[in-house]
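Enquirer: Below you'll find the structure I mean.
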Amino acid sequence: MSGLTFKSPFTQHLGIEITQWQENSVSLQVQVKDEFLNAHGAPHGGFLCSILDVATALSGTFCPEPGRVRKALTLSLNTHFLAQASGDQLFISGEVIKSGHKIYYASAEITDSKQQLIATAQAVLKYTKGSESLNGVEE
């Protein structure tokens, strides 16, 4: 989805690209840069957690209205690391599992270029004021 930029400097620094985004789901990809590696040369757990956090948040904040946005805050993020990534490209998917008026539950997973499952997460998120509606709020 070209043209979509993140307002958060941290998210911009991660280099996340949205490849698909619709109500209740998102697909992302990211290039693993050297500064995101741990001492073993693998993607750092904090980097992976950050990507999973972004995916769970975005899965519940799609807004089809031009010039408007939806935002959420993470209340809880549980992460499970399952394997060490191969290659320098990661693919992330996130989806809403259940949504109420102010709170939603989402999950996300990261796979590498060999389609190996690297990490999963489950999150509880809270919509910020006005973001409960699909119409969102003015930017």
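The values are calculated or read from the model by the stated rules, or taken from the named source; none is laboratory data. Computed from a predicted model, the values in this text were never measured in an experiment. With ideal geometry, Cβ positions are generated from the backbone for all residues, glycine too; neighbour counts draw on all protein chains shown.
Enquirer: Is it the case that segment 128-136 has a residue that's aliphatic (A, V, I, L, M) and either buried (at least 16 other Cβ atoms within 10 Å of the Cβ) or at pLDDT 95 or above (or both)?
Expert: Residues of segment 128-136 that are aliphatic (A, V, I, L, M), as a first pass: 134.
Subset that is either buried (at least 16 other Cβ atoms within 10 Å of the Cβ) or at pLDDT 95 or above (or both): none.
No, because not a single residue in segment 128-136 is aliphatic (A, V, I, L, M) and either buried (at least 16 other Cβ atoms within 10 Å of the Cβ) or at pLDDT 95 or above (or both).
Enquirer: Hey, among SER50, SER93, which residue is out of contact with any Asp or Glu (no Cβ under 9 Å at 6 or more places or on another chain), closer than 18 Å to THR120 by Cα, modelled with pLDDT of 95 or more and of a type outside the set (Lys, Arg)?
Expert: SER50
Enquirer: A follow-up question, please. Cβ-Cβ below 6 Å, separation at least six or inter-chain, first residue in segment 37-53 and under 23 Å from TYR105 (Cβ atoms), second among the small types (Gly, Ala, Ser): which pairs?
Expert: As it stands, the answer is LEU48/ALA119; LEU52/ALA108; LEU52/ALA121, since those pairs meet every condition given.
Enquirer: Test each condition in (1) farther than 17 Å from LEU28 by Cβ; (2) in contact with a strand residue (DSSP E or B) (Cβ under 8 Å, 6 or more places away or on another chain) for SER107 and report the one that comes out false.
Expert: Only one criterion in (1) farther than 17 Å from LEU28 by Cβ; (2) in contact with a strand residue (DSSP E or B) (Cβ under 8 Å, 6 or more places away or on another chain) is unmet by SER107, namely (1).
Enquirer: Conditions first: (1) closer than 13 Å to ASP88 by Cα; (2) hydrophobic (A, V, I, L, M, F, W, C); (3) within 11 Å of the chain's Cα centre (by Cα); (4) surrounded by fewer than 19 Cβ atoms within 10 Å (Cβ to Cβ). CYS49 passes all but one, so which condition is the exception?
Expert: Result: CYS49 fails condition (1) only.
Enquirer: Is it true that SER27 is of a type in the set (Gly, Ala, Ser), touching a residue at least 60 places away in the same chain (Cβ under 8 Å), surrounded by 15 or more Cβ atoms within 10 Å (Cβ to Cβ) and not in a loop (DSSP other than H, G, I, E, B)?
Expert: yes
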